[in-house]
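Each remark here refers to the structure printed beneath this line.
The values are calculated or read from the model by the stated rules, or taken from the named source; none is laboratory data. Remember, predicted model here, so these are calculated numbers, not experimental data. Here Cβ is always computed from backbone atoms with ideal geometry, including for glycine, and neighbour counts include all displayed protein chains. Just so you know, the surface numbers come from the protein's heavy atoms only, side chains and all, with ligands and any DNA or RNA stripped out. Shrake-Rupley method; radii C 1.70, N 1.55, O 1.52, S 1.80 Å.
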Amino acid sequence: MNKREEFVPINSMSLLSTNNELSSNASSSDDLSSAPQVEQTQIKVATFNLFNYLAPPDAFYDFDRIYSAEQWQKKENWIASYLQTHQPDIIGFQEVFSINALEALVKKQGYEYFAVVDKPTVIDDFIHRDPVVALASKFPIIEVAAVNVDKDLAVQLGLTEAFNFSRQVVRATVELPHLGLCDCYVVHFKSKRASWQGDVDKLSSLEGNVLSQFKAQVAGGWASSIQRGSEATLLMMQMLERRAKKGNAMILMGDFNNPLKDGILAHLVTPNMLFNNDQNQQRLVKFYTLRDAWDLYEANHDANKQMINDANQNVETDKVLTRGATHYFGQSSSVLDYILLSSEFDAAEQSSYFEVSDYINTDKHLINPSFDIDGESTDHAVVSINLTLRK
């Protein structure tokens, strides 16, 4: 059964920041005395789509889409309450417009380190588009960088030299207890919204207009898929290069805007080399392979089930785990938000340091909302995991 947790809102000061000045490097407090100690045996990681996080009086996308002071206060309270209740140590954010407001909010909740590498587009001085991603951490951030597209590789893939990520990817190198340096990537891949700049035949008849719109939808949907899949491929190539040079552990988190294993993004978790029977080479590939945190959690649950049953403990281990959706659209639902991990977090690997001991899909605001609490929350579930030091 998918684990869900609720939280109670708290009072927090409204942060009506309109200054989106870019912080190109990680920010931190000069006083490091509060830094987590090496004795810490659990690390919590979360990915959080904030859904149009923009302080008034600025507008997102259109001139009339502006939060009132009351709505903004409710949104700030909801975010702060989630952070206080779940207390992730590292959290990747998507749909960030008000960078300074978010940095101030998370610092009040104990996140001394904050990373962002881009800034939104501003039109007519107050209309914001192209939100960015960010990362907040209670552990020291050693380095922050934007992940750049390899232009030569893009051309080899049939793309143009002008190809780029629809949202700039953040790579923050975080110093974790026991493990050391870990490269944390935050992404927001291209949405499924049709993206099409070409022309289709325009006819005067009703059937002609419907056909024209449908053709644009089909072509535009595939164009978005090409963009999304290409983003994932080019990012993965950069991650592999970085892993080979530095050897750092890896965490990739964010809104993928696509189920992970339907083909467009499946290569992010490819477990082996095809048509290669050399076991030594296949073991080496595992060093570079990413794992879905849910799969690791499920595997750990199954591995521990027999041991717990043998001990005659009265716990609910016989139920089949069910992964909860992270996004709902009409009558359909899907998992779009993921946390992927390198071998250092895979209990099946002898060299691993941590294992995924819990997976929490916070979705009450989606499936059973209370307007007073959840009215300005987010349209995604918030996914978090617990990583426990292996004994």
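Observations on the model:
- Put a dot 7 Å past the Cα of Q71, heading toward its Cβ, do the same for A244, and the two dots end up 4.9 nm apart.
- Taking a point 7 Å from the Cα of L389 along the Cα-to-Cβ direction, the residues of segment 131-149 with backbone N closer than 17 Å to it are 139-140.
- Among residues other than L181 with Cβ under 9 Å from its Cβ, the summed charge is -2 (Lys and Arg +1, Asp and Glu -1).
- Protection proxy ranking, peptides 100-113, 81-94, average beta carbon neighbours within 10 Å, highest first: 81-94, 100-113
- Residue pairs, from the table K44/K245; K75/K138; K44/K364, whose Cα atoms sit over 25 Å apart: K44/K245
- Per-pair calculated FRET efficiency, R0 = 25 Å: Q281 and L153 via Cβ, rounded to 0.05: 0.65
- The gain in end-to-end length when the Q217 to F371 segment is fully stretched comes to 52.1 nm, 0.36 nm per residue minus the alpha carbon separation.
- Each Lys and Arg Cβ is given +1 and each Asp and Glu Cβ -1; about its Cα centre, segment 78-159 then shows a dipole of about 260 debye.
- Point-to-point label distance, D379-A146, nm (Cα→Cβ direction, 7 Å offset): 2.6 nm
- Distance between modelled label sites at N304 and S334, nm, 7 Å Cα→Cβ extension: 3.2 nm
- Put simply, when 269-278, 124-133, 325-334, 53-62 are sorted by average Cβ atoms within 10 angstrom per residue, most first, you get 53-62, 124-133, 325-334, 269-278.
- Residue-span extension gain [R129 to Q42] - 0.36 nm each, minus C-alpha spacing: 27.6 nm
- Heavy atoms of K364 accessible to a 1.4 Å probe, total area in Å² rounded to 10: 50 Å²
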